[in-house]
Amino acid sequence: MTEPERADRRAWEGEMFRLLAENVVDYAVFITDPHGIVLSWSKGAERLLGYREDEVLGQSSDIFFTPEDVRTGTPELERDQASRSGRGGDDRWHVRKDGTRFWSAGVETPLWDESGNLRGFAKIMRDRTDVKRLEEADRERERQLELLTNHVPVLIAHCDADRRYKYVNRPYAARLHRTPSEVAGQTIRDVLGEAAYASIEPHVEAVLRGERVEFEVEVTYEGAQGTQIMRCAYDPEFDDEGRVTGFVAAIVNVTESQLARNALRETEERLRTLSDNLPRGAIYQLLAEPTGHRRFLYISAGIEPLIGVTPAEILADASALYDQIHADDRPRILELEDAALRGLATLDCESRLWTRWGSIVWVHCRSAPRRLSTGQIMWEGIFMDVTARKEAEQALREADRRKDEFLAMLAHELRNPLAPIRNAAQILRLVGMADPRIERSTAIIERQVQHMSRLVDDLLDVSRITSGKIKLQKGRVDVAPIVWRALETARPLLDARKHEIAIELPTEPVWVYADPTRLTQMIENLLTNAAKYTEERGHITIAVERAGDTVSIRVRDTGIGIPQEMLTRVFDLFTQVDRSLARSEGGLGIGLTLVKNIAEMHGGTVEARSEGRGKGSEFIVRLPILPEAKPQAGAGASAASHPTASRRILLVDDNPDVAESLSMLLRIAGHEVHTVHDGPAALEAARTFRPEVVLLDIGLPGMNGYEVARRLRQDPDQGQAILVALTGYGHDEDRRRTKEAGFSAHLVKPVDLVKLDAILASVGASTSAHSLPKS
């Protein structure tokens, strides 16, 4: 090809590129020099990025990148990648002229001349924000699905038409002693084994034919699980053309309830037959005379199967129905009727009725009165049997009670192993070994035990507070001392992470009507939250500001910040913004839930603010304030402390590690200690050792701590000994029981040695239980 021909060819190619750039408006096509300066522009680029050609030529293409990408050198990295590999990926967020962001799917290509010199870069971009949003939405849906399915007591599996697992939730995999990833991709037969698969194969075949299947089956698992009874529901999955592509299985293990269900089956069948054939309600018309006399004009036949009284009996004499009202409910019902009559208001109430068979049913009565021209009042209404709902409500209350018992047991079982760990750490500290490694290890153990104890306390508190079982001990409280107390409690974590703390308090007292303990807990949780979610050497500010009739308690930090979509969700139970950072300090995602509930229990509010990730966060608690008042005389004065003299202490605990470690601590403190591990041994040791103080575990085998305490109190020779309960249970009900059993104090494991020392120090002053420090 001659030089003129090459020139013509280049001119033709340039014209073709110009036409391409001018006519392809869905793509931004432009050229930069080797340093990213824009040399050419297209209509597609103007449409996508918003700049006119005269505005952008000669400008750096860095203006299309986000500020954070510019700070990290992304534009230069992209050009370097394109130069080295021939292609620079440009799939990332970009910025238009008006500041809006869009997700670009693009590429940057180097332009080399015939001599191998880099002349610039050609860049092609396309707006794929919609695809990016869909991908993010899909990921969020997947995350929410996993969050939901992993926390329900149901085994869930998604299988394809080839009978391979596509997804299983965590409980399903745990039943098989595997992880979800280990199950996914395998066949049902390979995972369950031949015997188990054979028992469900007909149902799998049915659901893959497009049928919805519900069944209960005995499945024999290979290994230690043996035979399990599973209640299963299989739902087919269809594609757009109606073909079965797989199925979803929801499975509940009902093995433990099988005997009970067998016993109830006949009763349920009889009740079902009865409910299908007998109405459980009645419609009525009742005439109320001005004299107070009541007369039924009509009542439907449904009343007879409900309470056993016939309509004829009630029409003849209204007392045939009124006499069936439970005696405890009758005054209330008559009073409600009279009030409704006076105001011609709707009567809406529930009461118990005796039946002719000697049983009680709950009835919901709703009736509207209207005045007749005769001056009489006509009631027209309906009776509905709500016994089942009432029983369900009682079952819910019982389930809630069992939940509280479970949490208390969980706390007890968690606190028991913490006690010897804390004691051992205290022993190491008291022995005073010079090795700095031991000192650091001791400090680590103490911090982690304290943190674990706090998690247990928070878990119990959030359950009790959210269910309304916490009684606040409110009084007139100045906010500033509460802030200092919370700072003192949170100080170990703040210091460990080397945070700088700024405190802004008003010069005058700000009084609120609050429970000081819960208020301290709320502020401490905010400080702990700020410490955990702020990188080391961060800045945390706590400020108290008075504005009108409210006081604001603000905790600001320079931490990781909170995404906008999480600002209202951070107060939800078990919610964490950034789990990777929180894991360094642990946590269950309940601290902010406690903050919200405590604030609301005090008539206040809490608000979270943040400009986004990496920009810190601020939590604002607002509480109503009280008029200024002087504190009561003597408030805040601390009791005089007394040095602890040597005591004769009987330690009773069935856990050898707890007993040995605590006895070592007490001996190091100069006390004479005798240790036993059960109730009978404790009674025998009390007679021979004659202790001044008995540290008594409640959960002893055989004869428990309550019985030991009662027997010691009945022994005249032991009547003056101070009994201190050691237990993993710390609810008000537990403290009441120990007090009734004769204990002078109640300590929750792991034992707070400061509280124990205060109790021992008080023994010399008085042996009265009322004189001991509150534990």
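When the pairs Lys532/Lys615; Lys474/Lys498; Lys474/Lys596; Lys498/Lys755 are compared against a 24 Å limit on Cα-Cα distance, Lys474/Lys498; Lys498/Lys755 fall above it.
Between Gln376 and Val754, the modelled labels are 7.7 nm apart [label points 7 Å from Cα along Cα→Cβ].
Residues whose amide H comes within less than 5 Å of that of Gly308, counting only those at least five positions distant or on another chain, are Arg356 (H built at 1.01 Å from N in the peptide plane).
Out of every Cα-Cα pair in segment 471-624, what percent are more than 20 Å apart? In whole percent, the long-distance tail amounts to 44. Note on Leu336, Leu666: ascending count of other Cβ atoms within 10 Å places them as Leu336, Leu666, the fewest first. The distance linking segment 87-156 with segment 684-748 is 67 Å (Cα centroid to Cα centroid, whole angstrom). Length gain on complete extension for the stretch Arg710 to Thr688, per 0.36 nm per residue less the alpha carbon to alpha carbon distance? Extending this stretch completely gives an extra 6.1 nm.
Straight-line reach from Lys390: taking Cα to Cα under 19 Å and skipping same-chain neighbours fewer than 8 places apart, the aspartates and glutamates in range are Glu268, Asp328, Asp329, Asp348, Glu350, Glu398, Asp400.
Taking segment 33-181, how many lysine pairs are there with alpha carbons less than 22 Å apart, if each pair must be eight or more places apart or span two chains?
So the count of such lysine pairs works out to 5.
Each of Val361, Val154 was scored by other Cβ atoms within 10 Å of its Cβ. Listed from fewest to most, they are Val154, Val361.
When you restrict to C-alpha pairs under 8 Å that are six or more residues apart and normalise by the size of segment 278-385, the relative contact order lands at 30 percent. Sorting Asp240, Asp549, Asp654 by the number of Cβ atoms found within 10 Å of their own Cβ, with the fewest placed first, yields Asp240, Asp549, Asp654. Converting phi to 3J(HN,Hα) with the Karplus coefficients 6.51, -1.76 and 1.60 and the offset θ = phi - 60°, segment 315-322 yields 5, 6, 8, 4, 5, 4, 8, 4 Hz in sequence order, with x at every glycine or proline. A cut-off of 5 Å between modelled amide H atoms, ignoring neighbours fewer than 5 places along the same chain, links Leu700 with Gly705.
Amide H to amide H, with H built 1.01 Å from N, Thr255 comes under 5 Å of Ile229, counting only residues 5 or more places away or on other chains.
Full extension of the chain between Ala645 and Thr507 yields a length gain of 45.4 nm, computed as 0.36 nm times the residue separation minus the alpha carbon distance.
Once both labels are positioned 7 Å from their Cα atoms along Cα-to-Cβ, the gap between Leu118 and Ser199 label points is 6.8 nm.
Relative to the current alpha-carbon distance between Thr72 and His177, full extension at 0.36 nm per residue lengthens the span by 33.3 nm.
Throughout, read-outs are computed from the coordinates displayed, never taken from laboratory work. This structure is a prediction, so every number in the text was calculated from the model and none was measured. Glycine gets a Cβ as well: all are built from the backbone with ideal geometry, and neighbour counts include every protein chain shown.
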